[in-house]
Amino acid sequence: MTDSTEKKSLIEFPCTFPVKVMGAVHPEFESAILETVRKHAPDTEPHHITTRPSSKGNYTGATVHVNVENQEQLDNIYRDLTSHELVKVCLLYTSD
């Protein structure tokens, strides 16, 4: 792509990006999310993940704060998470 046709990102890389995931209530949910993210961001640690049950307790929500270097890395994390059998929804958005 040339400079004139290249997509401009609203995200300034590198950064720490919050990835929101919702999935099955399962004892391995948190470790599965961590393992999937580590394929693309090996420095992600267990303390980078916070989890909470949904309001009715049917799902588990997680936020993973991932250090990302570029859009391609973020896209790859998203693709792997959305294809995981325990994941129902994955959201990538900034709060700004």
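The values are calculated or read from the model by the stated rules, or taken from the named source; none is laboratory data. Since we're looking at a predicted model, the values are computed, not measured. With ideal geometry, Cβ positions are generated from the backbone for all residues, glycine too; neighbour counts draw on all protein chains shown. Heads up: the accessible areas ignore ligands, DNA and RNA and are worked out on the full protein's heavy atoms, side chains in. Shrake-Rupley method; radii C 1.70, N 1.55, O 1.52, S 1.80 Å.
Per-residue answers, yes or no, for (1) in contact with a Pro (Cβ under 8 Å, 6 or more places away or on another chain); (2) free of Cβ contacts under 8 Å to residues at least 24 places away in the same chain; (3) hydroxyl-bearing (S, T, Y):
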site	(1), (2), (3)
F13	no, no, no
G23	no, no, no
A32	no, no, no
R38	no, yes, no
D43	no, no, no
V64	yes, no, no
E69	yes, no, no
Can we say D75 is under 13 Å from the mean Cα position of the chain (by Cα) and acidic (D, E)?
yes
Selection from the stretch 59-96 of residues open to solvent by 70 Å² or more (accessible area, probe 1.4 Å) and of a type in the set (D, E) yields E69, E72, E85, D96
Those residues that are of a type in the set (S, T, N, Q) and assigned to a helix (DSSP H, G or I), I need them from the stretch 69-88; list them, please.
Q71, Q73, N76, T82
Matching residues in the stretch 37-58 - criterion: being out of contact with any Ser or Thr (no Cβ under 9 Å at 6 or more places or on another chain), more than 17 Å from F17 (Cα to Cα) and open to solvent by less than 80 Å² (accessible area, probe 1.4 Å)
G57
Only residues that are of a type in the set (A, V, I, L, M) and either part of a loop (DSSP other than H, G, I, E, B) or modelled with pLDDT under 95 (or both): list them for the stretch 11-26, please.
I11, A24, V25
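Quick check on D75: is it under 19 Å from C15 (Cβ atoms) and at pLDDT below 95? Explain how you work it out, then say what you get.
On the way: under 19 Å from C15 (Cβ atoms): yes; at pLDDT below 95: no.
Spelling it out, it is not the case that D75 is under 19 Å from C15 (Cβ atoms) and at pLDDT below 95.
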Against the conditions (1) in contact with an Asp or Glu (Cβ under 9 Å, 6 or more places away or on another chain); (2) under 12 Å from V37 (Cα atoms), where does L81 fall short? Just the number, please.
(1)
With the structure loaded, tell me whether V37 is over 17 Å from Y59 (Cα atoms), at pLDDT 95 or above and not in a loop (DSSP other than H, G, I, E, B) or whether it fails that test.
yes
